[in-house]
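Okay, so here's the structure we're looking at.
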Amino acid sequence: MDLTAFQPFFARLAATSLAPWRSDLEDVCLPRLGAGAHGDLPRWEAAVAALPELPAGVTRLDTACVGIQGEAPLDPALEQRLRETLRRLHPWRKGPYCIHGVRIDTEWRSDWKWDRLAAAIAPLDGRLVLDVGCGNGYHAWRMLGAGARLVLGIDPTLLFVVQFLALERYLGRDEVAVLPLGIQDLPPSLTGFDTVFSMGVLYHRRSPIDHLLELWRLLRPGGELVLETLVLEAGGQQVLVPPARYASMRNVWFIPSVESLAVWLGRAGFVDIRVVDVTRTSRDEQRATDWMRFQSLPDHLDPADPGLTIEGHPAPVRAILIARRP
């Protein structure tokens, strides 16, 4: 894999105020796409190459099931070929997607998270947007559907990048891309985004304050941060530091109370901090499906008390906070 598939996006980026960082972004992406980047990359690339040609259709980025729908149902044999080829990119974690009648029923009902935040954020019309830890790009597509001028998604998991490319083949929009990068891989001088999303990332960072400082730097003055993360349902400034695993995850470092999280944001330089949602993650929002057959949230909760993880910690509760760089 090389940068060819991303060149239309980079051309779009070059027409924005982010143009000075185009070559730097291309340079850091290249080694993550080349031979040896991942042992399964040839198999994933073969799956994308095997995707069938489909009739023209109407692309929908403003509905729960992002996708494209044709004027008539696909021939059953063609639909089965499409379904089987997309399944070769298992596991599908963020979605759902609907491609000409094939519904990719992902592990997460990511549309539920979008519904919880969409009315609370600043309108995205004409904005330059960064989506940190975006997975296969579900929310990035929703951002584009909400009117964003350009959406840069970044995620270091190469499978998610390939899933995005498979979807982009049919959705055909070059104002959005998922690049194989973590936030630490971005050019250190990069800044100027109108809106930055960090959803499901903070608790994976060993230094959460440093993560917030990075997000602050990436925004233009007056830009908006949309932060979604695990929190404790507890009053006051409290923080859970799991001594080992949390819901079977090894890389969960800090889970703050909402009050602590607001203090962290203030210490990082953000103002106008608002809590717009606090929701317990349900077994219906995150679960195993035919498109993600590994263990999921229900397997990591205490079978005798779903209010606890299998380690005895409080079960996942997620909050959405919005803040502004002054």
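The values are calculated or read from the model by the stated rules, or taken from the named source; none is laboratory data. Source: prediction; values computed, not measured. We place every Cβ from the backbone using ideal geometry, glycine too, and count neighbours over all the protein chains shown. Please note that ligands, DNA and RNA were not included when accessible areas were found on the heavy atoms of the full protein model with its side chains. Shrake-Rupley method; radii C 1.70, N 1.55, O 1.52, S 1.80 Å.
Observations, loosely collected:
- Taking N as its residue count, the alpha carbon Rg of the range 50-105 over 2.2 N^0.38 Å: 1.08
- Take the chain with all the other protein chains still there, run a 1.4 Å probe, and you get 41 Å² of accessible area per residue.
- Evaluated at q = 0.09, 0.14 Å⁻¹, the base-10 log of the normalised Debye intensity for the chain, with identical point scatterers placed on the Cα atoms, takes the values -0.47, -1.17.
- Rg/Rg_ref, the range 120-271, where Rg_ref = 2.2 N^0.38 Å and atoms are Cα: 1.07
- Placing unit charges on each Cβ (+1 for Lys and Arg, -1 for Asp and Glu) gives the range 159-275 a dipole about its Cα centre, and among 243, 231, 261 the Cα reaching farthest toward its positive end belongs to 243.
- Net charge of neighbours whose Cβ lies under 12 Å from the Cβ of residue 218, counting Lys and Arg as +1 and Asp and Glu as -1: -1
- Distribution of pairwise C-alpha distances over the range 202-326, 10 Å bins, in %: 13, 40, 31, 14, 2
- Beta bridges per DSSP, both residues in the range 56-208: antiparallel share near 30 percent.
- As a calculated quantity, the FRET efficiency between residue 279 and residue 27 at R0 = 30 Å, using C-beta atoms, amounts to about 0.15.
- Cα centroid separation, the range 54-102 to the range 196-273: 35 Å.
- Sorting the segments 301-312, 145-156 by their mean number of nearby beta carbons within 10 angstrom, highest to lowest, gives 145-156, 301-312.
- Whole-number D in µm² s⁻¹ for the range 149-206, Kirkwood Cα-pair radius fed into Stokes-Einstein, 10 °C, 1.306 mPa s: 123
- Relative packing of peptides 267-273, 117-123 - highest average C-beta neighbours within 10 Å first: 267-273, 117-123
- Calculated translational diffusion coefficient of the range 35-135 (20 °C, 1.002 mPa s; Stokes-Einstein with Kirkwood radius over alpha-carbon pairs) equals 136 µm²/s.
- Per residue of the chain, the DSSP helices (runs of n ≥ 4 H) give a summed -39500 (n - 2.57) that works out to -7500 deg cm²/dmol at 222 nm.
- Accessible surface of the range 93-159, 1.4 Å probe, proportion on carbon and sulfur as whole %: 48
- Our estimate of slack between residue 120 and residue 310, defined as 0.36 nm per intervening residue step minus the Cα-Cα distance, is 65.0 nm.
- Fully extended contour minus Cα-Cα distance, from residue 69 to residue 40, at 0.36 nm per residue: 7.4 nm
- Of all DSSP beta bridges in the chain, antiparallel share, percent nearest 5: 55
- Contour excess over end-to-end distance, with Cα ends at residue 209 and residue 2 and 0.36 nm allotted per residue: 71.1 nm
- Carbon/sulfur fraction of accessible area - the range 275-326, other protein chains in place, 1.4 Å, %: 49
- FRET E, pair residue 88, residue 11, Förster distance 35 Å, beta-carbon r, rounded to 0.05: 0.70
- Here the chain is treated with +1 on each Lys and Arg Cβ and -1 on each Asp and Glu Cβ, and its dipole about the Cα centre works out to around 300 debye.
- Applying a 4.7 Å Cβ-Cβ cutoff to the chain leaves 29, 134 as cysteine residues with no disulfide-compatible partner.
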